[in-house]
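Chemist: Handing you this structure, nothing more for now.
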Amino acid sequence: MKAVAVNPTLREITVREHPEPSLASPTAVLARPLEVGVCGTDREIASFAYGVPPAGESWLVNGHECLAEVVQVGAAVENLRPGDLVVLTVRRPCPHPECRPCRAGRQDFCTTGDFTERGIKGAHGYMTERVVDDAGFFVPLPAALREIGVLTEPLTIAEKAIEQVRAIETRLPESARHSTENPKRAVVLGAGPVGLLGAMVLRLAGYTTFVYSRSARDDVHGPILSTIGATLVAAETQSVSDLADTVGNIDLVYEAVGASSLAFEVLKFLGVNAVFVFTGVPGRKEAVKLDTDRVMRHLVLKNQVAFGTVNAGRESFAAAVRDLGEFATRWPTAVRGLITSRSPLEAAPTLLTTKPGGIKSVVAIGG
Ligand code: BGC
Ligand code: ZN
């Protein structure tokens, strides 16, 4: 079968023959990828900055944001049948008995670093014609969400973040937490797929939501933001201090650009009892100056919390599937509008190595 794969040693990315997997255990599922999304991580791997082939192999099959259709299930699989739509989780647990998160099925909190991630680190990805994995790594998706199901994985980043924000908010008395009667103000940094999906989750949860972006276009992003009821603050013309004036007390920041200089500038303006969530992975650039006294004074005197979040567990995938359904009901055109291009498998190497346009690019695998 065909697969898009990268060879970090030869610095090559190409469509090549790859051995077809087969059902090897009674709990395994064989599926046919339908659509695989492309994100910054995939582009980094395609530029050979990251990406680790499976042990003993020299090629890594790309892709980790996968919508698939079940083809065949092992004898012990009860919750999935051929023809069902599914999305696949990304991270697989490390083998160490002492890693409690992995042993509890929460490899997104792996303590050893020896996890694998399909399409990223030590395990083949989904830009191919067939994939096999244990049933526990598949999440069912209603057939009605076929067109947007590929957005599930990037949405899980926001779901895991908001679950943690809610956990942090339990430090406040219930009447002082975010609610429809007491809506809090959120700032999303970035208007890429992770930012826009984050804004949708925040709007669904009732946050007054501002998106601060340098690249948002009136024609592409404008209609999406106005449909979901989020306010765009243009970074070309508005400084971070202007942003803070517009918002008032910034209760929550959802960072989705991976630019540390911007993130830490915004951190300076974080409000009272506020939470700052980092989701981006910045490349190493020149060090920036930071007023650490100001940041630390505010963290303490304003009861602030800043945390980072990576990957997601099954619960976040289930939440993402539920919320995609909500988005599809409330904002059908806007959520479909997040997917701005679909390309065949053959075009994936070019797609992965050229500058992205639009919002979310997807590889559609036919046949
Ligand atoms: C993926 C995550 C993964 C992370 C780090 C992201 O692009 O969505 O699943 O954990 O990269 O490899
Ligand atoms: Zn990704």
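The values are calculated or read from the model by the stated rules, or taken from the named source; none is laboratory data. The model shown is predicted, which means the values in this text are computed figures rather than measured ones. Using ideal geometry, Cβ is built from the backbone for each residue, glycine included, and neighbour counts are taken over all protein chains shown. Protein only, heavy atoms only, side chains kept; ligands, DNA and RNA dropped before computing areas. Shrake-Rupley method; radii C 1.70, N 1.55, O 1.52, S 1.80 Å.
Chemist: Run down the aspartates and glutamates and flag those whose C-alpha is under 20 Å from the C-alpha of residue 160, throwing out any fewer than 8 positions away in its chain.
Modeler: Those aspartates and glutamates meeting the cut-off are 65, 108, 117, 169, 251, 255, 315, 323, 326.
Chemist: For residue 237 and residue 71, calculate 0.36 nm times their separation in residues minus their Cα-Cα distance, and state this gained length in nm to one decimal.
Modeler: Once the chain is fully extended between residue 237 and residue 71, it gains 54.6 nm.
Chemist: Any idea of the accessible area per residue across the range 144-269, 1.4 Å probe, to the nearest Å²?
Modeler: On the way: 4960 Å² over 126 residues.
Ligands and nucleic acids excluded, the result is 39 Å² per residue.
Chemist: Within the range 334-367, list the residues whose amide N lies under 14 Å from a label point set 7 Å along Cα→Cβ of residue 146.
Modeler: 365-367
Chemist: Follow-up. Taking all protein chains as present, what is the carbon and sulfur share of the accessible area of the range 53-173, in % to the nearest whole number, probe 1.4 Å?
Modeler: Roughly 53 percent, rounded to a whole number.
Chemist: For the chain, what proportion of DSSP beta bridges, expressed in % and rounded to the nearest 5, is antiparallel?
Modeler: DSSP beta bridges in the chain are roughly 55 percent antiparallel.
Chemist: Here is a follow-up. Excluding same-chain residues fewer than 8 positions from residue 289, which lysines have a Cα within less than 21 Å of its Cα?
Modeler: Within the straight-line limit of under 21 Å, residue 289 reaches these lysines: 268.
Chemist: Determine the gain in length on full extension of the stretch residue 261-residue 329; use 0.36 nm per residue of separation and subtract their C-alpha separation, reporting nm with one decimal.
Modeler: That pair, residue 261 and residue 329, stretches by 20.8 nm at full extension.
Chemist: Between residue 291 and residue 47, what length comes free when the chain is fully extended (0.36 nm per residue of separation minus the Cα-Cα distance, one decimal in nm)?
Modeler: 84.4 nm is the gain from fully extending residue 291 to residue 47.
Chemist: At most 11 other Cβ atoms within 10 Å plus a DSSP loop assignment makes a site exposed; report the longest stretch of the chain without any exposed GluC sites (Glu not before Pro). List each step's numbers first, then the result.
Modeler: On the way: sites that count: 78, 98, 181, 236, 286.
Here the longest run is 99-180.
Chemist: Could you tell me the calculated FRET efficiency between residue 268 and residue 11, based on Cβ-Cβ distance and R0 = 45 angstrom, to the nearest 0.05?
Modeler: 0.65
Chemist: In debye to the nearest 20, how big a dipole does the chain give about its Cα centre with +1 on each Lys and Arg Cβ and -1 on each Asp and Glu Cβ?
Modeler: Approximately 380 debye in magnitude.
Chemist: What distance in nm lies between label points placed 7 Å from Cα along the C-beta direction at residue 215 and residue 342?
Modeler: 2.3 nm
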